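The values are calculated or read from the model by the stated rules, or taken from the named source; none is laboratory data. Model, not experiment: these values are computed from the prediction. Neighbour counts are summed over all protein chains in view; Cβ atoms, including those assigned to glycine, are modelled from backbone coordinates with ideal geometry.
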Amino acid sequence: MLKSFSSSLVFIIILLSGCDKKSEIPVAEVCVAETSKKTSLNLKEIKKELQQLQDEFAYPCSVTCCELYIETVINEGSDMLKMPSGLMAEGYAIPEDAKKIASYVMTLSGREPTHPEFLTEGNLYFNGNCGGCHGNDGKGLGGAYPDLTLKEFKGVKIHKKMRIETLKKMLKEK
């Protein structure tokens, strides 16, 4: 009984952990950073993911999803935003440190990270690895680099649009 209650409580905490305010959709719904890598879905899964993405399109990315997005960009690089500064190459930090940086980045927009225990090291790694381009305040040095103080990263919004289009195309093909 206690084990079942504990499991339920943990699930509820995880479900709610991505919500920054009552109007935000919980992280358990859809995280574009994870779903965009899925290419093989059945018709029911496509429809469900498409509906969820369309429903949450107007809402900011949850903390958990934003952290995963930041980690992915650090680990894999990105040129999605076509910034004046150009491509962000992969590997500015090792994956373990990318998690810590992602936690710290959440604080730049006033959000509580999922791993507050990473903040001290995350701040150090951010200032050492990322601050030169994004600025130590995370605002992107006047638009030359992405602003990391926003609740909705431009890259996440672009990912959502691209994923919606991909899912629509997948629906037409089925």
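Restricting attention to the stretch 42-78, the residues being hydrophobic (A, V, I, L, M, F, W, C), closer than 20 Å to P146 by Cβ and surrounded by fewer than 19 Cβ atoms within 10 Å (Cβ to Cβ) number 1. Residues in the stretch 77-112 that are farther than 26 Å from K161 by Cβ and touching an Asp or Glu at 6+ places or on another chain (Cβ under 9 Å): G91, P95, D97, K99, K100, S103, Y104, E112.
Filtered by the rule that a residue be modelled with pLDDT of 90 or more, surrounded by 13 or more Cβ atoms within 10 Å (Cβ to Cβ) and among the charged types (D, E, K, R), the stretch 131-160 gives K139, D147.
Checked against (1) aliphatic (A, V, I, L, M); (2) surrounded by fewer than 18 Cβ atoms within 10 Å (Cβ to Cβ); (3) touching a residue at least 60 places away in the same chain (Cβ under 8 Å); (4) touching a Gly at 6+ places or on another chain (Cβ under 8 Å), A89 passes all but a single condition, namely (3).
Yes or no, residue by residue, for (1) within 16 Å of I74 (Cα to Cα); (2) charged (D, E, K, R):
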| site | (1), (2) |
| --- | --- |
| D137 | no, yes |
| G140 | yes, no |
| Y145 | yes, no |
| T149 | no, no |
| V156 | yes, no |
| K160 | no, yes |
| R163 | no, yes |
| K169 | no, yes |
| E173 | no, yes |
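Assess whether T120 counts as being surrounded by fewer than 15 Cβ atoms within 10 Å (Cβ to Cβ), free of Cβ contacts under 8 Å to residues at least 40 places away in the same chain and among the hydroxyl-bearing types (S, T, Y). When the stated conditions are applied, T120 passes them. In summary, E165 fulfils each of the numbered conditions (1) in contact (Cβ under 8 Å) with a residue 40 or more places away in the chain; (2) in a helix (DSSP H, G or I); (3) not basic (K, R) with the single exception of condition (1).
Within the stretch 120-162, the residues that satisfy the criterion of being outside any loop (DSSP other than H, G, I, E, B) and farther than 17 Å from A93 by Cβ are K154, G155, V156, K157, I158, H159, K160, K161, M162.
Counting residues that are modelled with pLDDT of 85 or more, which helices (runs of 4 or more DSSP H) fully inside the stretch 14-79 reach at least 2?
43-56, 63-76
Only residues that are of a type in the set (K, R) and within 15 Å of D147 (Cβ to Cβ) were counted across the stretch 83-120, and they come to 1.
Taken over the stretch 80-108, residues that are part of a helix (DSSP H, G or I) and within 16 Å of G128 (Cβ to Cβ) amount to 11. Looking across the stretch 130-174, the residues that are closer than 30 Å to L43 by Cα and β-branched (V, I, T) come down to V156, I158, I164, T166. For K99, the stated conditions hold: it is of a type in the set (K, R) and crowded, with 18+ Cβ neighbours inside 10 Å.
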